[in-house]
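The values are calculated or read from the model by the stated rules, or taken from the named source; none is laboratory data. Bear in mind the structure is a predicted one, so any value in this text is a computation, not a measurement. Every residue, glycine among them, receives a Cβ derived from its backbone with ideal geometry; neighbour counts consider all protein chains shown.
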Amino acid sequence: MTRREEQAMQNNMAGDRLLDVAVIGGSQAGLAMAWHLTRQNLRFVVLEAGPEVGHVWRSRWDSLTLFTPSQYDALPGMPFPGEADTYPTKDLVAGYLQAYADTFQLPVRLNARVTHLSRTAEGFEIRTDDELFHARQVVVATGPFQVPFMPPAAQQLDGSVTQLHSVGYRNPGALPPGPVLVVGGGNSGFQIAGELATSRQVDLSIGTKLPMLPQRLAGKDLFWWLTRLRLLRVSTGSRLGRRMSSRDFVIGSSRRTLRRESVRFRPRLTGADGSTVRFTDGSTLDVGVVIWATGYHPDYSWIHIPEVTRDGQVAHQRGVTEVPGLYFLGLTWQHTRGSALLGFVNDDATYLTGHIAARQHVTTGPVPSVPAHKH
């Protein structure tokens with residue numbers, strides 16, 4: 001039997017035996033968790049819904065870059081490529097995640113979207129479309145961006161209007177010609193509006209005005225200041241952390257810059273009829289293309305453990321739930337502002353590793369070397 005055949009057999013057998021840990025989600029949070037689990041000599045698998053590691057990053061719009069410079073983007077054990085104070089593209093991030101999984105031979109199972117999670121006498125049962133897994137402990141690392149949110153007004157527009165959520169936006173050339181209405185005043189809305197404004201008329205509807213932060217200040221990147229002032233480590237348990245977590249902010253864009261590019265600002269969109277939308281100030285606009293940069297909402301309908309979710313939200317303390325052996329990783333403000341960021345998720349992963357190791361009572365020996373499974 002060749003080494004590759006032996007590894008494939010080990011990978012196929014993973015679903016037939018009780019695992020120590022199952023990690024659900026194979027992006028940055030899941031991979032950081034996997035790195036720690038290999039050092040605990042635990043038997044585990046990472047279940048990734050996409051066809052390749054980094055798939056979610058590759059599927060974002062073409063010009064997307066990180067706000068965090070390269071020196072702040074590393075996962076544990078492996079530096080991020082690129083010069084300091086350069087801003088990685090989404091494809092570079094995706095390539096780094098794939099290289100990370102390959103370098104550490106992390107047991108990532110691709111095309112393995114989890115459809116069911118429930119408790120058993122031994123721990124947990126995890127189902128995908130094709131496989132069944134059992135594990136003593138589970139880390140849900142599916143991240144904060146799950147189901148695109150489309151407001152009710154989207155259903156009030158007729159078929160003559162081209163509509164898409166920002167998750168489906170790629171570049172200006174992929175849209176029909178003519179003016180575009182972008183709805184949403186967060187980072188995505190500002191970035192997409194700015195890109196489109198170079199080639200067409202753009203209106204940007206903002207429901208809530210967020211604080212604007214410059215990418216660079218006094219010759220230093222914003223994240224240099226945030227780390228030096230320890231603002232990325234301010235926890236949700238502190239008064240400052242509660243204030244910071246109650247509002248997001250826009251990085252690197254400004255209303256002044258967009259106005260120079262002839263972007264017209266509109267207030268909150270309140271409704272639509274046919275191809276006409278209405279705003280809170282009573283004004284209207286006829287639209288042909290609408291991009292909804294309106295964020296996401298969580299979907300935990302596949303978790304059949306009532307104690308975990310309340311009103312669609314996860315009940316946890318720094319990722320530790322009331323259900324013994326069940327954890328979450330990579331949530332926005334899970335503990336700090338950095339909890340959902342590529343280069344800072346390791347802090348929470350380290351914390352959860354301590355809980356997982358303390359609960360692990362069975363010595364399993366070294367984990368077999370299983371590379372990322374490619375389909």
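May I ask you to list the residues in region 18-46 that are over 19 Å from the mean Cα position of the chain (by Cα) and assigned to a helix (DSSP H, G or I)?
36, 37, 38, 39
Can you tell me which residue within region 117-164, out of those that are β-branched (Val, Ile, Thr) and under 23 Å from residue 17 (Cα atoms), is surrounded by the fewest Cβ atoms within 10 Å (Cβ to Cβ)?
The residue in question is 120.
So which residues in region 272-322 are in contact with a helix residue (DSSP H, G or I) (Cβ under 9 Å, 6 or more places away or on another chain), charged (D, E, K, R) and in the same structural domain as residue 129 (by TED's automatic domain parsing), if there are any at all?
318
Of the numbered conditions (1) modelled with pLDDT of 95 or more; (2) in a loop (DSSP other than H, G, I, E, B), residue 122 fails exactly one; give the number of that condition.
Result: residue 122 passes all but (1).
Taking only region 325-343 into account, find how many residues are part of a loop (DSSP other than H, G, I, E, B), surrounded by 17 or more Cβ atoms within 10 Å (Cβ to Cβ) and on the phi < 0 side of the Ramachandran plot.
Going through region 325-343 one residue at a time, the tally reaches 7.
Looking at (1) assigned to a helix (DSSP H, G or I); (2) under 15 Å from the mean Cα position of the chain (by Cα); (3) farther than 27 Å from residue 172 by Cα; (4) among the small types (Gly, Ala, Ser), which one does residue 101 not meet, given that it meets all the others?
Unmet for residue 101, out of (1) assigned to a helix (DSSP H, G or I); (2) under 15 Å from the mean Cα position of the chain (by Cα); (3) farther than 27 Å from residue 172 by Cα; (4) among the small types (Gly, Ala, Ser): (2).
How many of the residues in region 138-172 are farther than 27 Å from residue 323 by Cβ and part of a strand (DSSP E or B)?
6
For region 20-43, enumerate the residues that are out of contact with any helix residue (DSSP H, G or I) (no Cβ under 7 Å at 6 or more places or on another chain) and hydroxyl-bearing (Ser, Thr, Tyr).
The answer is 38, and nothing else.
Just name the residue that is surrounded by the most Cβ atoms within 10 Å (Cβ to Cβ) out of those in region 222-273 that are hydroxyl-bearing (Ser, Thr, Tyr) and touching a residue at least 60 places away in the same chain (Cβ under 8 Å).
By that ranking, first place goes to 253.
Residue by residue, here is whether (1) in the same structural domain as residue 102 (by TED's automatic domain parsing); (2) at pLDDT below 95; (3) out of contact with any strand residue (DSSP E or B) (no Cβ under 9 Å at 6 or more places or on another chain); (4) not hydroxyl-bearing (Ser, Thr, Tyr) holds:
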{"position": "20", "(1), (2), (3), (4)": "yes, no, no, yes"}
{"position": "24", "(1), (2), (3), (4)": "yes, no, no, yes"}
{"position": "32", "(1), (2), (3), (4)": "yes, no, no, yes"}
{"position": "35", "(1), (2), (3), (4)": "yes, no, no, yes"}
{"position": "50", "(1), (2), (3), (4)": "yes, no, yes, yes"}
{"position": "53", "(1), (2), (3), (4)": "yes, no, no, yes"}
{"position": "59", "(1), (2), (3), (4)": "yes, yes, yes, no"}
{"position": "79", "(1), (2), (3), (4)": "yes, no, yes, yes"}
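Tell me, please, whether a residue that is under 22 Å from residue 146 (Cβ atoms) and over 16 Å from the mean Cα position of the chain (by Cα) can be found in region 50-70.
yes
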